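A short reminder: the numbers here are calculations on the coordinates, not readings from a lab. Just so it is clear, the structure is predicted and the values come from calculations on it, not from any experiment. Reconstructed Cβ throughout: ideal geometry from the backbone, glycine too, with neighbour counts over all protein chains shown.
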Amino acid sequence: MAAAISGLAAISRPDARLLILGSMPGAKSLQQQQYYAHPRNAFWPVMTRLLGLEPGLSYPGRLQALLTRQVALWDVLGCCQRQGSLDSAITAEQANDFTDFMQHHSQIIAIAFNGAKAWQSFQRHVIKKQQLPATLQLIPLPSTSPAHARQSLAEKLERWSEITRYIPC
């Protein structure tokens, strides 16, 4: 039977300009209470390259680097049911409150979606049901999950480089 799970708290500052959304953290991330904790997830390698971070930076150091560059992290779903870590196993989806989040982060100009499930869940549960700024740029991107192995790290990096236009230098 699928277990009921809740996601992680948003990592953000009020002056964030870019919000990166996943669907729901995997088992490893929930266990460690860290975004993208699975060692084969490409999220941190991609962000390290795009932001010019030091390789091997600690998790708190990586989060601080994102915050300094006005990047926020969160998930579309606040809770759901899922057996294992695959997005395809997610049921009983409940979205986070983006109306409230956007009111407290009024400088966000773009939302990047880490994978198809995040994008689909946002379309299903948020776009028409919660109040968002009309000018918000929505950027669906390939998943950095190890389960999404059809694209190489280089291909993911190329697609993800689109977000750099929303990140101050």
Would you work out if the stretch 1-112 is rounded, prolate or oblate? Take a ≥ b ≥ c from the square roots of the eigenvalues of the alpha-carbon gyration tensor; rounded if a/c is under 1.5, else prolate when a/b is larger than b/c, oblate otherwise.
oblate
Helix hunt in the chain: which complete DSSP H runs extend at least 18 Å axially by C-alpha with mean Kyte-Doolittle at least -1.0?
none
For Ala116 and Ala147 in the same chain, what is the full-extension length gain: residue separation times 0.36 nm, less their Cα-Cα distance, in nm?
9.9 nm
For the stretch 43-78 and the stretch 93-169, what is the centre-to-centre distance using only Cα atoms, to the nearest Å?
15 Å
Determine which lysines satisfy two conditions relative to Lys156: a Cα distance under 20 Å, and not lying fewer than 8 residues away in the same chain.
Lys117
What FRET efficiency, computed as 1/(1 + (r/R0)^6) with R0 = 45 Å and r the Cβ-Cβ distance, is obtained for Lys129 and Leu67, rounded to the nearest 0.05?
0.95
Mind checking which aspartates and glutamates have their Cα closer than 19 Å to the Cα of Lys129? Skip sequence neighbours fewer than 8 apart in that chain.
Asp75, Glu93, Asp97, Asp100
Return the single residue from Gly115, Gly84, Gly52 with maximal mean-square fluctuation; model: Gaussian network over the chain, springs between Cα atoms under 10 Å.
Gly52
Once amide H atoms are placed 1.01 Å from N in the peptide plane, what residues at a sequence separation of 5 or more from Gly115, or on another chain, have their amide H within under 5 Å of its amide H?
Leu141, Ser143
To the nearest 20 debye, what charge dipole does the stretch 3-166 have about its Cα centre, counting +1 at the Cβ of each Lys and Arg and -1 at the Cβ of each Asp and Glu?
200 debye
Value of [θ]222 nm, deg cm²/dmol, for the chain, DSSP H segments ≥ 4, -39500 (n - 2.57) each, nearest 500:
-7500 deg cm²/dmol
